[in-house]
Amino acid sequence: MNPAPGAIKRMILSIASQKGGVGKTTTAISLAAGLAHRGNKTLLIDIDSQANCSKVLLEDYPLVKAERSIYATIIERKPLPIWPTTVPNLDIVPSHILLSNTDVTLTTAIDHREARLKDQLEQVSGNYTHVIVDCPPALSWLTINAFTASDRVLIAVAPGYFELDSIVQISKTIQEVRRYFNAAIQLAGFLFTMSDPTVNAKTSLRILRQTYTDAVLKTIIPRNTDIRDAHFHHKDIFTFAPHSKSAEAYERLLVELFPV
């Protein structure tokens, strides 16, 4: 991948899905690492309590305590704890399992509960060309924090009836955030992931394109074992298997979302 530092306007992009297992975290890792490999200083914020981004990109993740994770920012309103990753030009704000309990706290909070991430991100975002946020697979106050801080939202959609049905509610959440918290937020598009030659996948993609037309991205992410193997070895797909179908697909996605 050819570096093109400084060629792109900074963007804060959230990767979201109401359902788990649709390639959301894989997309967050791949986009963040791909931008970093281009030469862009990139920050990945892991606001998903499963912490899968953090586990892949931080070899010493078991040493990460709650007070040095996004948990401290959301609950205690402390500055973002930024860690270097194994990928040059890529930093990460790691997540923690305790983040799974934060929605109760935020539901009862009365002060700026939707903007705790935004408040702290504004202090450091100028140091980065791009910021990628991996959202939890649920419509929670954590997701609202991510959307409130973001310029755009990319929604990952995998084949299946329930997967297609779930994007209706997440689209409404974006509209509500635009109305109440972040008037500038835009939909980056729907990304069809985990595609294979089955009838289910072909039918799902056809319905998605018929329903949302121009909002569906041209890039399609295939179901591929190279991604799973890359994560098992704590590497991004561009480092682990740069000539794989998955790497080629995410390269096309980078070009589509971040043209240079």
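The values are calculated or read from the model by the stated rules, or taken from the named source; none is laboratory data. A quick note: this is a predicted structure, and the numbers were derived from the prediction, not measured. Note that each Cβ is placed from the backbone with ideal geometry, even for glycine, and that neighbours are counted across all protein chains shown.
Structural remarks
- None of 54, 95 is surrounded by 22 or more Cβ atoms within 10 Å (Cβ to Cβ) and part of a loop (DSSP other than H, G, I, E, B) except 95.
- Residue ID - surrounded by the most Cβ atoms within 10 Å (Cβ to Cβ), chosen from residues in the stretch 229-260 that are within 20 Å of residue 132 (Cβ to Cβ) and among the basic types (Lys, Arg): 235
- Lone qualifier among 106, 139 - being crowded, with 17+ Cβ neighbours inside 10 Å, modelled with pLDDT under 95 and either β-branched (Val, Ile, Thr) or not in a helix (DSSP H, G or I) (or both): 139
- Just one residue in the set 80, 13, 58, 43 is under 21 Å from residue 249 (Cβ atoms) and either modelled with pLDDT of 95 or more or of a type outside the set (A, V, I, L, M) (or both); that residue is 13.
- Output for the stretch 90-126, where each listed residue is of a type outside the set (Ser, Thr, Tyr) and touching a strand residue (DSSP E or B) at 6+ places or on another chain (Cβ under 8 Å): 90, 91, 92, 93, 94, 117, 121, 124
- Test: residue in the stretch 247-256 that is in contact with a Phe, Trp or Tyr (Cβ under 7 Å, 6 or more places away or on another chain), closer than 20 Å to residue 11 by Cβ and of a type in the set (Gly, Ala, Ser): no
- Check on residue 124, modelled with pLDDT of 90 or more, crowded, with 23+ Cβ neighbours inside 10 Å and over 17 Å from residue 211 (Cβ atoms): no
- Consider the stretch 225-260 and keep the residues that are closer than 20 Å to residue 55 by Cα, assigned to a loop (DSSP other than H, G, I, E, B) and touching a residue at least 12 places away in the same chain (Cβ under 8 Å). The one that is nearest to the chain's Cα centre (by Cα) is 236.
- The one condition in (1) within 21 Å of the chain's Cα centre (by Cα); (2) surrounded by 19 or more Cβ atoms within 10 Å (Cβ to Cβ); (3) not in a strand (DSSP E or B) that residue 188 fails to fulfil: (3)
- Of all residues in the stretch 83-92, those that are buried (at least 16 other Cβ atoms within 10 Å of the Cβ) and assigned to a loop (DSSP other than H, G, I, E, B) total 3.
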